[in-house]
Amino acid sequence: MTARDAKTILKTERLTLREFVAEDAADMEAVLCDRDVMLYSMGTLKPSEVSIWIERTIKSYSENTIGNWAMVENESGTVMGYCGLTYSKDYPEHGIELNYRLAKPWWGKGLATEIATAVID
């Protein structure tokens with residue numbers, strides 16, 4: 001499956017959330033392999049592990065009705081990070097968590113607020 005064929009979850013003025021595809025691995029290295037971006041998350045991955053993370057994320061779509069989705073800038077088509085809903089593993093009593101991470105070049109533009117608000121709505 002290609003990015004063009006991936007299921008769109010939602011769109012905002014500047015962003016699209018869609019299911020991940022294998023070709024997103026290169027863009028996601030800027031997110032998942034960056035210590036600053038992943039500081040309050042699962043920790044950083046090695047570049048060789050990004051494809052495995054994407055494969056697991058794609059697999060989770062058929063197992064759950066929620067998940068992490070590729071966050072894409074509408075204008076350029078660039079995958080800048082992820083956002084989604086997942087079941088809390090660390091605190092099951094919390095139920096569902098909102099997750100998001102953006103590559104550093106996208107910080108400070110209000111994108112996380114835009115997409116998180118849309119997901120919650």
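What does the charge count near L10 come to, summing +1 for each Lys or Arg and -1 for each Asp or Glu among other residues with Cβ under 12 Å from its Cβ? Could the numbers behind the result be given before it?
Details: positive: K7, K11, R18; negative: E13, E19, E114, D121.
Around L10, the surrounding residues sum to -1.
Quick check: Cα centre of segment 60-89 to Cα centre of segment 1-57, how many Å?
After rounding, the separation between the Cα centres reads 7 Å.
Along Cα→Cβ, 7 Å out, is where each label goes; now give me the distance between the ones at E73 and K46 in nm to one decimal.
Going from the E73 label point to the K46 one covers 3.1 nm.
Can you tell me the dipole magnitude for the chain around its Cα centre, using point charges on the Cβ only (Lys, Arg +1; Asp, Glu -1), in Debye to the nearest 20?
Details: 13 positive and 19 negative charges, 8 e Å.
Dipole about the Cα centre, nearest 20: 40 debye.
At each listed q (0.18, 0.22, 0.25 Å⁻¹), what is the log10 of I(q)/I(0) that the Debye formula gives for segment 1-71 modelled as equal alpha-carbon point scatterers?
These q points yield log10 I(q)/I(0) values of -0.74, -1.04, -1.22.
Counting only protein chains, not ligands or nucleic acids, how are T65, T117 ordered by accessible area (probe 1.4 Å), most first?
T65, T117
Express in Å², to the nearest 10, the accessible area of S48 obtained by rolling a 1.4 Å probe over the protein heavy atoms while all chains stay in place.
90
Summing Lys, Arg as +1 and Asp, Glu as -1, what charge do residues with Cβ under 13 Å from the Cβ of S41 carry, S41 excluded?
Once all neighbours under 13 Å are counted, the net charge is -1.
How charged is the neighbourhood of R101? Take every other residue with its Cβ under 14 Å from the Cβ of R101, and add Lys/Arg as +1 and Asp/Glu as -1.
On the way: positive: R35, K104; negative: D24, D27, E29, D34, D36, E97.
Net local charge, R101 excluded: -4.
Defining a contact as two alpha carbons under 8 Å apart and six or more residues distant in sequence, what relative contact order in percent does the chain show?
Numbers: 189 pairs, mean separation 30.1, N = 121.
Computed value for the chain: 25 percent relative contact order.
The values are calculated or read from the model by the stated rules, or taken from the named source; none is laboratory data. Computed from a predicted model, the values in this text were never measured in an experiment. When we count neighbours, we look across all protein chains shown, and the Cβ atoms used for this are built from the backbone with ideal geometry, even at glycine. All accessible areas refer to the heavy atoms of the entire protein, side chains included, with ligands and DNA or RNA removed. Shrake-Rupley method; radii C 1.70, N 1.55, O 1.52, S 1.80 Å.
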